[in-house]
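The structure appears below as structure tokens.
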Amino acid sequence: MQFSVLCLKIKFVGKDKYMDGENSVLNQDYRILIVDDNEINIKILFKILTNEGFYVEAAEDGDEAVRKFSKSSEGYYSLIIMDVRMPVLDGIEATEKIRSIKRRDAEKIPIIAYTANCEDDEIECAKQAGMNDYIIKPVSPECLKKIVNKWIYDR
């Protein structure tokens, strides 16, 4: 599965602004990594986030996400949205591996669990692995914007 990176030339309006639908701040200074083995889920998130002006990259499993993060320069990614259940390397294990990388951004980057399972034990397991928050599938654009605002702009 191949995904391209959409790069937009957009004027930066300011960090104190938020995504809010029609009046969105289009900010090319933030790069989000989507990690999911389901191409449809990636396309949905990709569409919502690129419409808000973010650079978006995708990985189809946790192993690819760890490789991409490890090979990137420090601070390259602003946020990771990570599916919890994937083949090869699941989101919990991938988060633990990213958190163990000896770089400052590995400790601090917001990693958001993306899961269809809203059971307390899975959410707690995600938090224990180092995930900062969670989104339940299927995600609404409003919910996604709220989480992105919280972890990119409000920190």
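The values are calculated or read from the model by the stated rules, or taken from the named source; none is laboratory data. These numbers come from a predicted model, not from an experiment. Glycine gets a Cβ as well: all are built from the backbone with ideal geometry, and neighbour counts include every protein chain shown.
Would you check if there is a residue in segment 119-127 being in contact with a strand residue (DSSP E or B) (Cβ under 7 Å, 6 or more places away or on another chain) and not acidic (D, E)?
There is at least one residue in segment 119-127 that is in contact with a strand residue (DSSP E or B) (Cβ under 7 Å, 6 or more places away or on another chain) and not acidic (D, E).
Looking at segment 20-41, I want the residues that are under 14 Å from V56 (Cβ atoms) and have a partner that is part of a helix (DSSP H, G or I) and at pLDDT 90 or above with Cβ atoms under 6 Å, at least 6 apart or on another chain. Which pairs are those?
Y30/I152; I32/L49; I34/I42; I34/L45; V35/A65; D36/I42
Just need a number here: residues in segment 109-137 that are in contact (Cβ under 8 Å) with a residue 40 or more places away in the chain and closer than 15 Å to L49 by Cβ.
3
Quickly run through segment 35-44 and pick out the residues that are surrounded by fewer than 21 Cβ atoms within 10 Å (Cβ to Cβ) and farther than 18 Å from S140 by Cβ.
Once the filter is applied, which keeps residues that are surrounded by fewer than 21 Cβ atoms within 10 Å (Cβ to Cβ) and farther than 18 Å from S140 by Cβ, segment 35-44 yields D37, E39.
Restricting attention to segment 93-117, which residues are part of a helix (DSSP H, G or I) and under 14 Å from D37 (Cα atoms)?
A94 - this is the single residue of segment 93-117 that is part of a helix (DSSP H, G or I) and under 14 Å from D37 (Cα atoms).
Out of A65, A126, A58, I need the residue that is within 18 Å of R31 (Cβ to Cβ), part of a helix (DSSP H, G or I) and among the small types (G, A, S). Which one?
Only one candidate passes the filter, namely A65.
Among the residues of segment 45-55, is there at least one that is surrounded by fewer than 18 Cβ atoms within 10 Å (Cβ to Cβ) and assigned to a loop (DSSP other than H, G, I, E, B)?
no
Name the residue, out of S100, S140, that is out of contact with any Phe, Trp or Tyr (no Cβ under 7 Å at 6 or more places or on another chain), closer than 19 Å to G53 by Cα and among the small types (G, A, S).
S140
With over 17 Å from D37 (Cβ atoms), modelled with pLDDT of 95 or more and not aliphatic (A, V, I, L, M) as the only criterion, which of Y153, Y134, Y77 stands out?
When all the criteria are applied, what remains is Y77.
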